[in-house]
Amino acid sequence: MADYSIWVLEYSYVANYHVSGIVYGAHNQGYRKLPYCYVLIKGRGINAMVDVGYNDKDYGGVMAQNFGLENWRAPRDVLAECGITPEDINHVFITHAHFDHMGNTDAFPNATFYIQERELSKWVWAMSLDRKFRWLMLATDPGDILRAVDLARQGRLVCVDGDREDVLPGIDLRAAFDTHSAGSMYVTVRNNGQREDADSWVLAGDLVYSFENLRGQNEADPQYLPVGLASGSQTNLLLTTDEMVRQVGGELRRVIPIHEAGLKDLFPSRLTEHGLRVTELVLADGETSRVR
Amino acid sequence: MVSKGGAFGGSGRGPALQPIVCETVPAPGLPDILGASLDERTLAYVLAARVPFDLLRQCAGQLAGLLVLSASGARAGPDHSLLERARSVHQEADDALRRTAPPEPARHHHRHLLSASEQLRAALLAAARHRREGDDATIDAVLVPLRQGYRELQWSSAALPGFEIVAFEQGCCVSHPPIAPTGGRVAFRGSAQAGRAVGVPETGRKNSNG
């Protein structure tokens, strides 16, 4: 019995992304497609998302012209592939405050947003440092934080302090501090609602970009490999990777890297008329497939 | 000029500025400083103005961050030292801007930056009051000029190349264009101008950070 359906929804992509950004140290290993996705979790009257993508209105042109992002589609178009509208979304889990995960909060007028308090407070701290430390502010948009102020005033922003089990029934938020960012978190969906659940899924945000981060580049002798960028500790990142893998009983395919172009090889999926991919991880009982 | 009240004037730092209202951003795409054909004086202005622009963006971000922590009831509420740091950053930016004499092609850009600075000054004053009084009503007094200041920064970002609101070039998930080796000289790719290099060491070897 599965409580939730989970889809990974592509909303944009970089056609040629350097592999060294995906796997730390993988220099001169060429380029591959990097999908930009968010996750839809649906079931038990809940329509939740993990992250919301970037703000195309403010800098979509920059992204397209200078940084290789292509084919951005609005959440309305993307969610429609699963029969959902942005207004239907009632909960959003923001894994971290980078522009491509927190940039589009405006699009979801009825959602409550969850973010680690540490992600915000450490960002404020980083900005108080001398200009020489400005690298610590990379990929964050003050505009996203301004929008978060509005959310807070509306009572729609929940600052989470560490782990929170059952933030929604069977859905846990897990802190991953000082990894990809200061206050990152990941989302665990225990699809049978049990504490020790064989049908668990981990939605990893940017803690992993690819299954290679989970098993290395030699499957005969697996190892964890960090992603190409972290403002925190790569050691912490690997320890968190191990934690995520253990949460799913070692079944690597259940730790979901939303930037992984190879999800389609493991899960049923389809390309939409817009050339973006809908990947179906699991269906709740009675839910209609969106890919078959 | 007579100040319009609210956002401008009363600073005692020269004539108050008329608000500049431009078309809503975004521009179709930021001009690429590496490929833009800027005259020498405008290029010099861009190089000089990037630091105060970054400082103003930093100040705006600090204020927004302090506000969101306060408004969300987070344990890490507004801290006096952080607000002081935002004020100090703003002062540094403002001083630099007022020392900068823009050439004609950059005057529109410079006015946006000056307007942004004035708005952020108003936001900082309101933030100090909010910190003392601690009630939600004073958050609006910070938010209004802060939003306008941020908007001015966005408009400046669209007015000339080289001013990015978000440091995408350091971003984790974007495709970075390659930078050509320069054989020992520091230079912008594709530009006849010598200037501040991006990631090219003096040996001329390409930076090896992927």
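The values are calculated or read from the model by the stated rules, or taken from the named source; none is laboratory data. Computed from a predicted structure; not experimentally measured. Because the Cβ atoms are built from the backbone with ideal geometry, glycine has one as well, and the counts that use them run over all protein chains shown.
Summary table below
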quantity	calculated
Qualifying residues in region A:138-157 (those that are assigned to a helix (DSSP H, G or I) and among the charged types (D, E, K, R)) - the one nearest to the other protein chains (Cβ to nearest Cβ)	A:R153
All positions within region A:51-79 that are more than 22 Å from A:I145 (Cα to Cα) and not in a loop (DSSP other than H, G, I, E, B)	A:A64, A:Q65, A:N66, A:L69, A:E70, A:R76, A:D77, A:V78, A:L79
Residue check, A:E70 within 26 Å of A:D172 (Cα to Cα) and surrounded by fewer than 22 Cβ atoms within 10 Å (Cβ to Cβ)	no
Among (1) without any contact (Cβ under 8 Å) to a residue 40 or more places away in the chain; (2) within 9 Å of chain B (Cβ to nearest Cβ), the one test that A:G45 misses	(2)
Any hit, region B:82-92, residues being within 14 Å of chain A (Cβ to nearest Cβ), at pLDDT below 95 and over 19 Å from the mean Cα position of the chain (by Cα)	no
Given (1) surrounded by fewer than 24 Cβ atoms within 10 Å (Cβ to Cβ); (2) of a type outside the set (A, V, I, L, M); (3) more than 21 Å from A:P257 (Cα to Cα), number of the condition A:D197 does not satisfy	(3)
Residue in region B:87-95 that is surrounded by fewer than 23 Cβ atoms within 10 Å (Cβ to Cβ), of a type outside the set (S, T, Y) and farther than 17 Å from B:L146 by Cβ present	yes
All positions within region A:48-63 that are at the interface with another protein chain (Cβ under 8 Å from one of its Cβ atoms) and either closer than 16 Å to A:L281 by Cβ or of a type in the set (K, R) (or both)	A:K57
Among (1) modelled with pLDDT under 95; (2) part of a strand (DSSP E or B); (3) of a type in the set (D, E), the one test that A:E219 misses	(2)
Qualifying positions in region B:65-78 - facing chain A (nearest Cβ under 9 Å) and either at pLDDT 90 or above or over 23 Å from the mean Cα position of the chain (by Cα) (or both)	B:S70, B:A71, B:S72, B:G73, B:A74, B:R75, B:A76
Unmet requirement for A:T241, which otherwise passes all of (1) under 24 Å from A:Y36 (Cβ atoms); (2) in contact (Cβ under 8 Å) with a residue 40 or more places away in the chain; (3) surrounded by 19 or more Cβ atoms within 10 Å (Cβ to Cβ)	(2)
Output for region A:97-137, where each listed residue is crowded, with 24+ Cβ neighbours inside 10 Å, within 10 Å of another protein chain (Cβ to nearest Cβ) and part of a loop (DSSP other than H, G, I, E, B)	A:A97, A:H98, A:G103
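Quick grid of which residues meet (1) out of contact with any Lys or Arg (no Cβ under 9 Å at 6 or more places or on another chain); (2) within 9 Å of chain B (Cβ to nearest Cβ); (3) in a loop (DSSP other than H, G, I, E, B); (4) in contact (Cβ under 8 Å) with a residue 40 or more places away in the chain:
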{"position": "A:A2", "(1), (2), (3), (4)": "yes, no, yes, yes"}
{"position": "A:N16", "(1), (2), (3), (4)": "no, yes, no, yes"}
{"position": "A:G21", "(1), (2), (3), (4)": "yes, yes, no, yes"}
{"position": "A:L34", "(1), (2), (3), (4)": "yes, yes, no, yes"}
